[in-house]
1. Here are some conditions: (1) among the aliphatic types (A, V, I, L, M); (2) more than 16 Å from Ser96 (Cα to Cα); (3) surrounded by 21 or more Cβ atoms within 10 Å (Cβ to Cβ). Leu270 meets all but one. Which one does it not meet?
2. Collect the residues in the stretch 29-57 that are surrounded by fewer than 12 Cβ atoms within 10 Å (Cβ to Cβ) and closer than 20 Å to Val303 by Cα, keeping them in residue-number order.
3. I'm trying to understand the selection: among the residues of the stretch 10-67, which are hydrophobic (A, V, I, L, M, F, W, C), within 30 Å of Phe305 (Cβ to Cβ) and modelled with pLDDT under 90?
4. Go through the stretch 286-301 and give me each residue that's surrounded by 13 or more Cβ atoms within 10 Å (Cβ to Cβ) and not aromatic (Phe, Trp, Tyr).
5. Under 20 Å from Ser263 (Cα atoms) and either of a type in the set (Asp, Glu) or modelled with pLDDT of 90 or more (or both) - does that describe any residue in the stretch 130-142?
6. Looking only at the stretch 79-89, decide whether some residue is under 16 Å from the mean Cα position of the chain (by Cα), modelled with pLDDT of 90 or more and surrounded by 19 or more Cβ atoms within 10 Å (Cβ to Cβ).
7. Quick check on my filter: what residues within the stretch 201-244 are within 21 Å of Met100 (Cα to Cα), out of contact with any Ser or Thr (no Cβ under 7 Å at 6 or more places or on another chain) and among the aliphatic types (A, V, I, L, M)?
8. Just to be sure, is Tyr168 over 30 Å from Val225 (Cα atoms) and either without any contact (Cβ under 8 Å) to a residue 40 or more places away in the chain or within 21 Å of the chain's Cα centre (by Cα) (or both)?
Amino acid sequence: METATAPKQAPPPEQPTGAPRGKARPGDRIFLGLSKGSGITLLVIMAAIAAFLSYRTVLAISKDEANFLTTFEWNPAGDPPVFGIAVLAFGTIVSSVIAMVLAVPVAIGIALFISHFAPRRLAGPIAYLVDLLAAVPSIIYGLWGVVFLVPYLDGLNKWLDEYLGWTYIFERTSEGAARNLFTVGILLAIMILPIITNVTREVFLQSPKMHEEAALALGATRWEVIRMAVLPFGRSGIISASMLGLGRALGETMAVAVVLSPSFVLSGHLLDPGGGTFAQNIAAKFNEADEFGRDALIASGLVLFAITLLVNGAARAIIARRKEYSGANA
């Protein structure tokens, strides 16, 4: 008669060699301390910038005789001093929106072409040329915009006025060179194009190859593979790249200052000369301003600072709201 034998017990797991469990290695402690210190330093710097801008803004607004947020005039040296950011906020937002509308689709198309369509011998040189665009100084873009872009956009402005003038936005109510918010938006689109393209391309290159091969094996076309496997994986990267480009567009100074013909007239006609942005106004008036005028310019800088923080915060919220934006879940 056979007797039942007890099942064999698995041997206890081997203890890992090295440092005892629960005790971090010196290198780990040093790295952790440096990481925490870097994060705290960044927060301190941001808080110091915000405190400085807020303090100087309070000094300026306390002497402003008009509403800082809704006034269409900038004259801190007047008697009484009057200045407002309505025109600057409108010009900054409109030019940045134009740049994003033009740049983001083109950047995604270039990134897809380099990562999934172009032959390897051709993808490298194109990626190198895109990187070179990011290295061009802002003042060079501005000079190119004045010498080349502004004269050649005059014909486009006339065409838009003739065929799309009924939309009010593209209606020209005054003649003049194309030194307007529409031209600035096109120039900013060219400037932020390499930033968005480079980040998006790197994200697309990291898309899971097994997902793409599985879609092709099931009979999907090349576009269906891009739509179902690549773009969902790269959504968070596209949003992040777009926010980086938007930050560059919001804060661009020299190129806008060279191209734009500044004025404090708020107009929805994008083809009319004039307008202004925060960065352009600060660059143009800071040197000649007195102490109070500089406080007024710093106050406008605080608004730009707040807009940038809100835009980046909104982007982070969009990415965190939906889990499918994460590449790990693609």
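1. Leu270 satisfies every listed condition except (2).
2. If the condition is that a residue be surrounded by fewer than 12 Cβ atoms within 10 Å (Cβ to Cβ) and closer than 20 Å to Val303 by Cα, then Leu43, Val44, Ile45, Ala47, Ala48, Ala51 are the ones that fit.
3. Going residue by residue through the stretch 10-67, those that are hydrophobic (A, V, I, L, M, F, W, C) are 10, 19, 24, 30-32, 34, 40, 42-53, 58-61, 66.
Narrowing further to those that are within 30 Å of Phe305 (Cβ to Cβ): 34, 40, 42-53, 58-61, 66.
Correct list: Leu59, Ala60, Ile61, Ala66.
4. Here is the first cut: in the stretch 286-301, the ones surrounded by 13 or more Cβ atoms within 10 Å (Cβ to Cβ) are 286, 289, 292-301.
Those that are surrounded by 13 or more Cβ atoms within 10 Å (Cβ to Cβ) and not aromatic (Phe, Trp, Tyr): Ala289, Gly293, Arg294, Asp295, Ala296, Leu297, Ile298, Ala299, Ser300, Gly301.
5. Scanning the stretch 130-142, I find at least one residue that is under 20 Å from Ser263 (Cα atoms) and either of a type in the set (Asp, Glu) or modelled with pLDDT of 90 or more (or both), so the answer is yes.
6. No: the stretch 79-89 contains no residue that is under 16 Å from the mean Cα position of the chain (by Cα), modelled with pLDDT of 90 or more and surrounded by 19 or more Cβ atoms within 10 Å (Cβ to Cβ).
7. Of everything in the stretch 201-244, those that are within 21 Å of Met100 (Cα to Cα), out of contact with any Ser or Thr (no Cβ under 7 Å at 6 or more places or on another chain) and among the aliphatic types (A, V, I, L, M) turn out to be Val203, Leu231, Ile239, Met243, Leu244.
8. No; evaluated as a whole, the condition is false for this residue.
The values are calculated or read from the model by the stated rules, or taken from the named source; none is laboratory data. Bear in mind the structure is a predicted one, so any value in this text is a computation, not a measurement. Don't worry about glycine lacking a Cβ; one is built from the backbone with ideal geometry, like all the others, and counts go over all protein chains shown.
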